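The values are calculated or read from the model by the stated rules, or taken from the named source; none is laboratory data. Note that the structure is predicted; figures quoted are calculated from it, not measured. Positions of Cβ are backbone-derived with ideal geometry, glycine not excepted, and every protein chain shown enters the neighbour counts.
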Amino acid sequence: MNMTSQRQSLGKATLGVTRPNFLVSMPARPMHTRSAVQCSTINPDSSNRGSVAAKAAAAPANYSKRLLSTDQITTTYLSGRLRQVSQYFPDALGVDDFIARVEIALHAYGFHGSNTIACCNLCRDEVTHTLKQKFDGVFGSSFNTNGLGGVLTCGVTGLSAGLSHAPQSEGLVKERYAFFSFPHIGVDSTGKVGSISRPGQPGASGACGALIAALGQIKGAGLEASCAEPGVHDARDPEYSILKQRLARRLKYEGTDDNEINDMSLVDMTDVAERTITDDLEFLIKNSVDTEKADYAVVTGVQIHSWSTDFDDDSPNLEFISPCSCYVVIRGVRTYLDLNSIPPMTPRQIGLLAAGEAGAATRVDDHLAGDASGSAGSVTTIRAIDAPYSFDNKRSRNVIKQQTETYAKLMQEEDLQMRNASAWPSWQTNMRAESPFKMEGDNSTSLDDPSKKEASGDEPVASSFKKVDE
């Protein structure tokens, strides 16, 4: 059943404002257009894997003969990159386009930076910070409830703490909250799922590492063995163990058996994570928010990193969002919003918005394009972004690389001799301090261990995270 056929009209909005044309009332979980079964039928190793972007990348040489414009070449290349992602997430939108649509939709119902506290729930991975920066640009500094894989462990107390920071003023009748929740996944520039490049690391890394590990361990141990009792976790690895058992219990609840789990892909598991985390978020909201005193919005989906296979190469890093749920609750009444009915911003508009972001100065990025060739007929505007490393982004690394190569060439031309590095400054040998005093038997800083072993006798905990190609 497609998204349109799922929608059911529930009459006019309860607000005393004109009903926006992107408003639709829907049953629960309306924006899910994917299911585990649909995703598992896609073969990541099919013969056309990686061919789309590769052909698009080779386009400039051919298109220059046909005298096509730079914009046409750029659009064709980025369209190929979008199709790589759309194989798995047909409704994917460029992240800047997505943020613009969300801002328009929520502003129509009175949610904006001066009256709303945003609560942002993402994976702890630093690559997700790109998305948080986008939300912060709209709503100001957001309260974060991040966890491995996006798992929610803050509880009612943690979420309530964030809500207590909501803006208040004399004329504000109700507080307003905006909840954003997104697990993430890598689909690199060649279409390889789970792969992402990182600065300073050779080869591919994994995203999301926690979901990759959980999928492998649930497949290995079986579903029943992975379904821990609610509330039980490994004291040495609390967040990851909670994530894994929440995913396993969700799969069991949905009627998945071990044979189906063995056929699951990382895309499937990411969708399961989104459903699990969204339900957990809605449970916490139900127990934290008083709709007599506050209105709120919920926006969920999957964050997708379409980065280059080598962080230092010329391929742009692209970010996409696959939206799943978007709704507002005004006066206790839930109203779903259709982001796809809001037209995309133009490349010029996206560029102007991007120019105001931290680190972007006034430069409009070179890689801007609209694309109408997605497999679902979607239209979105794409802008290349740098990774969220203010000290180590792709452009600055390329500048440093070029500068280093220039200096090396000048050393040869000018016959400059290499000298040994200077000795360490004296303060580095004087900054060592004595170990802090600790009374015998003091274990106040040791984690609780249900095995009741002495902390000093515990074996090191092996990491569950591995590189994607291992």
Residue list for the range 125-149, restricted to those being in contact (Cβ under 8 Å) with a residue 40 or more places away in the chain and not in a helix (DSSP H, G or I) | ASP125, GLY147
Return yes when LEU152 is part of a helix (DSSP H, G or I), out of contact with any Pro (no Cβ under 6 Å at 6 or more places or on another chain) and in contact (Cβ under 8 Å) with a residue 60 or more places away in the chain and no when it is not.
-> no
Does ASN287 satisfy the condition of being modelled with pLDDT of 90 or more and either in contact with a Lys or Arg (Cβ under 9 Å, 6 or more places away or on another chain) or surrounded by fewer than 24 Cβ atoms within 10 Å (Cβ to Cβ) (or both)?
-> yes
Inspect all residues belonging to the range 168-184 and state whether any of them is buried (at least 23 other Cβ atoms within 10 Å of the Cβ) and part of a loop (DSSP other than H, G, I, E, B).
-> yes
If ASP271 satisfies every condition in (1) within 25 Å of SER79 (Cβ to Cβ); (2) part of a loop (DSSP other than H, G, I, E, B) but one, which is the exception?
-> (2)
Answer yes if at least one residue in the range 369-388 is part of a loop (DSSP other than H, G, I, E, B), at pLDDT 65 or above and within 22 Å of LYS132 (Cβ to Cβ), and no otherwise.
-> yes
Restricted to the range 112-130 and to residues being within 21 Å of GLY200 (Cα to Cα) and among the hydroxyl-bearing types (Ser, Thr, Tyr), the residue surrounded by the fewest Cβ atoms within 10 Å (Cβ to Cβ) is THR130
